[in-house]
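J.: This is the structure I want to talk about, given as structure tokens.
The values are calculated or read from the model by the stated rules, or taken from the named source; none is laboratory data. Remember, predicted model here, so these are calculated numbers, not experimental data. Here Cβ is always computed from backbone atoms with ideal geometry, including for glycine, and neighbour counts include all displayed protein chains. What goes into the accessible areas is simple: the full protein's heavy atoms, side chains included, and nothing from ligands, DNA or RNA. Shrake-Rupley method; radii C 1.70, N 1.55, O 1.52, S 1.80 Å.
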Amino acid sequence: MRMLTRWEPFPRATSPQEQINRLFSEVVERTGEESSLTAWAPAVDIYETEHELVVKAELPDVDPQDLDIRVENNILTIRGERKFEKKVNEENYLRVERAYGSFARSFTLANTVNSEAIKADYQNGVLTLTIPKKEEAKPKQIKVNVGAPAMAASASGR
């Protein structure tokens, strides 16, 4: 006959704070290093038009001098940093919800874009990258002739 054993999720923890700390440390151990958690990453919209690919990134309070935009091996990378302003004493803050520090976002570009001709514009806290498509990737309209070739073929068949 088997004996039942009572399961204790927090066998060594006695206070609620110890239980929470133990639970948090187990989650960090399962998901990897705590340092691999990203503090923040700007929100990005990417859309395509007939002639270009457009990337818009929300970067309020990021100095354009602190931005680094590169394309290497068809990977577009936007790096930068939003710095915490020290104009106000930290003790005077009632709430700090915005994230600060370094960030990096990377996106794989299709072979159909011309990464040599990227244009970057920064206005009102939004970075807009315009990436033109290569000529061979742009849509081509083919004109359809109606009636003319079909009439010639039917006339030769009679």
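J.: I'm trying to understand the selection: among the residues of segment 61-73, which are open to solvent by 90 Å² or more (accessible area, probe 1.4 Å) and either among the hydroxyl-bearing types (Ser, Thr, Tyr) or under 16 Å from the mean Cα position of the chain (by Cα) (or both)?
T.: Residue satisfying the conditions is 70 alone.
J.: Can you find even one residue in segment 52-60 that is exposed (fewer than 12 other Cβ atoms within 10 Å of the Cβ) and modelled with pLDDT under 90? Can you show your working first?
T.: We begin by selecting, within segment 52-60, every residue exposed (fewer than 12 other Cβ atoms within 10 Å of the Cβ); these are 60.
Those left that are additionally modelled with pLDDT under 90: none.
No - not one qualifying residue is present in segment 52-60.
J.: For the list (1) touching a residue at least 24 places away in the same chain (Cβ under 8 Å); (2) surrounded by 12 or more Cβ atoms within 10 Å (Cβ to Cβ), I need the number of the one condition that residue 108 fails.
T.: (2)
J.: What is the one condition in (1) surrounded by 10 or more Cβ atoms within 10 Å (Cβ to Cβ); (2) without any contact (Cβ under 8 Å) to a residue 60 or more places away in the chain; (3) outside any loop (DSSP other than H, G, I, E, B) that residue 47 does not satisfy?
T.: The one condition residue 47 does not meet is (1).
J.: Of the residues 95, 158, only one is within 30 Å of residue 85 (Cβ to Cβ) and modelled with pLDDT under 90; which? Break it down stepwise before answering.
T.: Working: 158 fails: within 30 Å of residue 85 (Cβ to Cβ).
Only one candidate qualifies: 95.
J.: Further, regarding this structure: Under 8 Å by Cβ, and 6 or more places apart or on different chains, what pairs join a residue from segment 114-128 that is closer than 17 Å to residue 44 by Cβ with one that is surrounded by 15 or more Cβ atoms within 10 Å (Cβ to Cβ) and of a type in the set (Lys, Arg)?
T.: Listed pairs, sorted by first residue: 126/56; 127/56; 128/56.
J.: Every residue in segment 63-73 that is out of contact with any Ser or Thr (no Cβ under 6 Å at 6 or more places or on another chain) and of a type outside the set (A, V, I, L, M), please. Quick ask: steps written out before the conclusion?
T.: Pass one, segment 63-73, residues out of contact with any Ser or Thr (no Cβ under 6 Å at 6 or more places or on another chain): 63-69, 72-73.
The answer is 63, 64, 65, 66, 68, 72, 73.
J.: So the check is Cβ under 6 Å with 6+ separation or different chains; which pairs have a first residue in segment 78-99 that's within 16 Å of residue 42 (Cβ to Cβ) and a second one that's open to solvent by less than 80 Å² (accessible area, probe 1.4 Å) and basic (Lys, Arg)?
T.: Qualifying pairs under 6 Å: 78/105.
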